[in-house]
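Contents: one structure, followed by commentary.
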Amino acid sequence: MTVPLARAEQARATMIELFPHGFEEHDDAHGVELAAYTDSAGEERLWHAFGAVQAQDVEDGWEDRWRRFHRPARIGRLWVGPPWEEPDADAIAVVIDPGRAFGTGTHPTTRLCLELLGELEPTSLLDVGCGSGVLSIAAAKLGFAPVTAMDVEPQAIEATERNAAANDVEIGAVLGDALDGELPSSETTIANITLEAVETLGPSLRSACAVTSGYLASDAPTLAGYRTEARRERDGWAADLHIRSDSPRV
């Protein structure tokens, strides 16, 4: 099924609840396509949740063939990929199991966040909407500490803790709504969420800088109390580096 970008976050949360062991996500011209390998009972749950879905039979052996859709990516010093691929010998490996939730973390918005993150001096860091924990894990491997990962979904916290352990990094995972209440203290915040959520987040931030993404290149988020210092774009998506308005320009 395909959902508009405006409903993508809500739809992802529903899919995580219905299929905590994983589902597929693909961008298309009309929004985001979400798919799950399931039985008739799972199909019925999808009908109840979304009202209209498309179903088709799959050939034997899909359990192994789905792996070919998850390919590794090289972003600067970082290699991000699934556990069955071999990391580059000269890279910092971030290994994410796509069978848990959210894929391997090679979506353009994740790549853009990692590009900007790789240019910053390591500090304490808060990852808002951590998902599978790929940004938190990459930050920890780049020397950021302490790293706090925050998400409103329990499945995301579980996936982050599991992936952090598999990557042998220490991350504090916190279940909570970053848009409602006080945020954990950090010198850097990273938020790969939605345009609306990014702008809502602004007044709560106390960090010296923030990296945001999860929106289109045509969007220009306004972060209260911050100025936009740098932007990266890829495949129609964008990420921005924001610096507190009272900080000197870099």
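The values are calculated or read from the model by the stated rules, or taken from the named source; none is laboratory data. Everything quoted here is computed from the prediction, not taken from an experiment. Don't worry about glycine lacking a Cβ; one is built from the backbone with ideal geometry, like all the others, and counts go over all protein chains shown.
Numbers at a glance
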read-out	value
Residue under evaluation GLU25, criteria (1) of a type in the set (Asp, Glu); (2) modelled with pLDDT under 90; (3) part of a helix (DSSP H, G or I); (4) in contact with a strand residue (DSSP E or B) (Cβ under 6 Å, 6 or more places away or on another chain), criterion not met	(3)
Complete set of residues in segment 210-244 that are outside any strand (DSSP E or B) and either within 21 Å of CYS130 (Cα to Cα) or not hydrophobic (A, V, I, L, M, F, W, C) (or both)	SER218, ASP219, PRO221, THR222, LEU223, GLY225, ASP235, GLY236
Only one of VAL53, VAL32 that is on the phi < 0 side of the Ramachandran plot, modelled with pLDDT under 75 and assigned by TED's automatic domain parsing to the domain that holds THR14	VAL53
Hits in segment 165-190 - residues which are out of contact with any Pro (no Cβ under 7 Å at 6 or more places or on another chain), without any contact (Cβ under 8 Å) to a residue 60 or more places away in the chain and among the β-branched types (Val, Ile, Thr)	VAL169, ILE171
Which numbered condition ASP97 fails, given (1) within 28 Å of ASP235 (Cβ to Cβ); (2) surrounded by fewer than 19 Cβ atoms within 10 Å (Cβ to Cβ); (3) in contact with an Asp or Glu (Cβ under 6 Å, 6 or more places away or on another chain); (4) not small (Gly, Ala, Ser)	(3)
The one condition in (1) surrounded by fewer than 21 Cβ atoms within 10 Å (Cβ to Cβ); (2) closer than 12 Å to THR123 by Cβ; (3) at pLDDT 95 or above that ILE190 fails to fulfil	(1)
Which listed residue, of GLY176, GLY225, GLY214, GLY202, is in the same structural domain as LEU114 (by TED's automatic domain parsing), at pLDDT below 95 and under 18 Å from ARG111 (Cβ atoms)	GLY214
